[in-house]
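The values are calculated or read from the model by the stated rules, or taken from the named source; none is laboratory data. If you're wondering where the values come from, they're calculated on a predicted model, not measured in any experiment. Neighbour counts are summed over all protein chains in view; Cβ atoms, including those assigned to glycine, are modelled from backbone coordinates with ideal geometry. Surface areas here come from the heavy atoms of the whole protein model, side chains and all, with no ligands, DNA or RNA. Shrake-Rupley method; radii C 1.70, N 1.55, O 1.52, S 1.80 Å.
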Amino acid sequence: TAQNPITFTSTSSWSGIVFQSGSSGEIAYANINNATYGIQCDGALPSIHNNTISGNAIGLYINNLGSMYWGPHIYSNVIESNTYYGVYLYNSSLYIESNTIRNNGYDGIYCDWYSAPVLSYNTVTGNQYTGLVCRFFSPAYLGAGPGWNRITGNNQGVIADYESHTWLYYNSVFANTGYEITAAYNSFVSARSNWWGAYPPDNGEFLATSGGSIDYGNALSWDPTGGGQQNMIGGK
């Protein structure tokens, strides 16, 4: 319970909690740390909510799930300070909602090989490389309806490459050190109606390269996740 959480850890490295194909269950109100994968799901998707997943090599690893769009199953977790990735998806598509994913050594969320998550109400911040990476035919949907995700304070905001056509609608993507959005290798990013930290957004915050393209039209003059209006453009 929230008042009585359970801690899963080890004085030396351990493999972590594993859900194998065909299994189900629930992990809630736990602290999970010092594992290779805090939670590993191989073709299975338990309910994972209200946990703190920190200090692992990878916080949450979901592999060969396919598409499971009823949910959300992953919500209200703090996934932080893992050595590599906060959340790593491989061939897995699902709802990820209302999590704080921060201060991980590589990327906050990494979507690989036909992974197409729906992301809503998440805060992704302070990750050493990129807030969200979509790679190898992996679209992400930050707004099946409004997204309300907040991606800020990372080295890069969102990267889509290798034909990963990604959608953002009603999110806040701002104050990342490098580009807010990068589209490469024939990826298209539809990023209309978002807040970019200034109004109108600075064209220099977006990079389309190697056949990639970005539509960041109809920018918002206000932050849908909280904050005030901006009337003047901010420099990089």
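Tabulated data
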quantity	calculated
Subset tally (residues that are assigned to a loop (DSSP other than H, G, I, E, B) and surrounded by 19 or more Cβ atoms within 10 Å (Cβ to Cβ)) for the range 121-164	11
Breaking point among (1) open to solvent by 30 Å² or more (accessible area, probe 1.4 Å); (2) closer than 23 Å to Cys134 by Cα; (3) of a type outside the set (A, V, I, L, M, F, W, C), for Gly55	(2)
Unmet requirement for Ala116, which otherwise passes all of (1) in contact with a Leu (Cβ under 6 Å, 6 or more places away or on another chain); (2) aliphatic (A, V, I, L, M); (3) in a loop (DSSP other than H, G, I, E, B)	(1)
Residue list for the range 40-83, filter: part of a strand (DSSP E or B) and over 18 Å from Val124 (Cβ atoms)	Gln40, Cys41, Asp42, Ser47, Asn63, Asn64, Leu65, Gly66, Ser67, Met68
Scope the range 16-41; condition in contact (Cβ under 8 Å) with a residue 24 or more places away in the chain and surrounded by 17 or more Cβ atoms within 10 Å (Cβ to Cβ); matching residues	Gly16, Phe19, Ile27, Ala30, Ile32, Asn33, Asn34, Ala35, Tyr37, Gly38, Gln40, Cys41
Tally, over the range 81-98, of residues that are open to solvent by less than 50 Å² (accessible area, probe 1.4 Å) and under 12 Å from Ile58 (Cβ atoms)	6
